[in-house]
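Take a look at the structure set out below.
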Amino acid sequence: MDCDRSILDITNSFLLQQVAPKANEIDSNPQALYQALQGLGNLGLLALRTDKHESEATFGDFQELIARYSGTLAFVQTQHQSAAAMLMTSDNSALKQVYLKRMGNGEVLMGVGFSQLRRQGEPLTLAVPVAGGYQLDGVVPWVTGWNLFQHFIIAATLPDGSAVFGIVPFVQTSQITFTTPAQLAAMTSSNTVSATLTRWFLPQERVVFIKPPGWIHENDKNNILRATFLATGCAFAGLDIIDAAKENKSLPFIHDAFESLLQELTKCRTLIREAQLKSIETAKLLQMRAWAIDLATRIAHAAVTVSSGAANYMHHPAQRVYREALVFTVTGQTTAVMEATLQQLTRSSIQDKEFQPQINADKRGYSLLYQRPSAFISGSKLEQLKRSPIQDKEFQPQINADKRGYSLLYQRSSAFISGSKSSVIHLSHIIDPDVPQWEGDPPVEFETVAELEKDGYYLRRFSLGEHSATHINAPKSFHNFGVGIDKYPAESLVVSAVVIDIRVKTTVNFDYILTVADVLAWEEEYGEIPANSVVLLYTGWQDKWCDKDAFFNQDAEGSVHFPGFGSDAVQFLLDEREIAGVGIDTHGVDSGQDTSFTINRLVLEKPRIVLENLTNLDRLPPRGVMLAIAPLLLQHGSGSPVGVLALVPGI
């Protein structure tokens, strides 16, 4: 289903509205960070790795999104997500019942304290079995979330080398003491401390699990790429700054650097995502991780470069992103990752020998004599920063990343960007067999007819009704002599649009219909609706798409309840504003209580636009949107599943 996309869209909307404008404050103010965590909790996004329906790829995209807008929030919520994932794999059903649901909604926040297991030598935290549980003694050198998290999962080494993991309170007691928060160069609001345990009793009922000797090293090997999404998210944050600079300063070399770095980031991300689906040797996985780290630091450095002296101010976004890149360089670092990162950083990115230092050895030692050819003198720092550090083609993904291709991957953040480019937003749900449908509609079916391994290519047959998923209705659906969707001229499918948000009304009245008064109130604030526009009605129903029962909202008598357009309002819009059509995020422009299809019949007296089951309306401004509508040109079609793209001007 489209739930993966929905989670990312909801996350993106929250981050743009609530996090990006406060990113610097979140970096330094624990209360602002706590509020951002609670915002994620209110959306049910704080235990995604416990949901079997969410793929590892979706979680990676989620991590990347958060890191793009706030490295601190990304870092801290990762600790909590890790704790929830560990608890999910526990055999302690009582603990899971007490904590998991509350962790998902932010009612309980929990950190982790087990990185000390990676250290060589004598264990820092010891556990001894005693009656009813374990006695813990020692130091946990790094625990994030003091005064943010209520608990953390600690790990302590048992006499046989295995490790016991259990939940302990993140509060000062006579047996657990904490240092003051460390003075970190970045993410100071994360309140990272050290813990000292003295004869702390961990009862058996608080034990999450026991892992065998060497478990953490095997776990690290199996999850080499997981932390790369924090680095690539940080890279996107740097690109946002460079993108804004190229618009404001209009210097061609900034544009060139942006395009080059974006292309490299696209390649890096593609390679990592491909690797998630394959069995790849460890050495290559480490190189990918190191590439992502190197790329994040170079892009952050480029963001500092284009920001000039202003980047020296602590409050400047480039300063914050650069420091975040340093944190993500060492996040979850193992000795293998350290080695790969150093190899990456010391790899020469300039192949021409004339750029290599000549090393002369005299009696006093070595002195470096650099030759400075004219090619080097005429270059710029950005030229150096944008050079790809990986020269071996074996590690480059086979993608066609031309300017159109990789620019589509990069979505410009309205929080940072002030240029004239448009953002392009999908308003269509992904089609799968579980989309919400009216009773009696043809099922959505996919059948594989060719396999890659067998036939040399992959191919499916699909079938679905003309009015399934996000779709457009044609006059033929409601009028005997109406035209089919195949008769719509191309120019009629590229139209301007306005968005009327009625969520305040639909929250308390599921059967609410748009009124003339609503239209006039909207125009009072945003101006008269332009002729030949499509009026999109944002009811909030798009958020119910993954829950069929909520989407149709059927009562005990079988009546469905969802909002729609009112006939008086639509007649006014057609007569007085000469609109081109209507669209909505419910299953019908007619409200659930209108069984006569009044609005469809009214609008489709002529070949106008009627769009149903739209999504992402929350990402559109009230006016200034252009729609590109792409139906299947089904002969005599009563409608068609449709791809709808919204082009939103840069803010």
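Structure values in brief
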quantity	calculated
Two-decimal Rg to Rh for the chain - Kirkwood Rh, Cα set	1.02
Highest to lowest packing among 178-189, 30-41, scored as the average C-beta count within 10 Å	30-41, 178-189
Sequence of Lys96, Lys505 from largest to smallest accessible area, 1.4 Å probe	Lys505, Lys96
For the chain, size of Cβ-based charge dipole, Lys and Arg +1, Asp and Glu -1, in debye	2820 debye
In Å², nearest 10: area of His217 left accessible to a 1.4 Å probe	80 Å²
Given Lys211/Lys548; Lys96/Lys211; Lys211/Lys267; Lys96/Lys544; Lys505/Lys548; Lys544/Lys606, the pairs whose alpha carbons are separated by over 29 Å	Lys211/Lys548; Lys211/Lys267; Lys544/Lys606
Gap separating the Cα centres of segment 189-262 and segment 114-138, nearest whole Å	26 Å
By accessible area with a 1.4 Å probe, ligands and nucleic acids excluded, highest first: order of Lys454, Lys548	Lys454, Lys548
Above-threshold pairs, the threshold being 26 Å between Cα atoms, out of Lys278/Lys454; Lys22/Lys101; Lys101/Lys278	Lys22/Lys101; Lys101/Lys278
CD proxy at 222 nm, helix term only [per DSSP H run n ≥ 4: -39500 (n - 2.57); per residue of the chain; nearest 500]	-11500 deg cm²/dmol
Accessible area in square angstrom per residue, the chain, 1.4 angstrom probe	47 Å²
Percent accessible area from carbon and sulfur atoms, segment 541-651, protein chains only, probe 1.4 Å	49 percent
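The values are calculated or read from the model by the stated rules, or taken from the named source; none is laboratory data. From a predicted model like this one, the values you see are computed outputs, not experimental measurements. Backbone-built Cβ (ideal geometry, glycine too); neighbour counts: all protein chains shown. Calculation scope for accessible area: heavy atoms of the full protein, side chains included, ligands and nucleic acids excluded. Shrake-Rupley method; radii C 1.70, N 1.55, O 1.52, S 1.80 Å.
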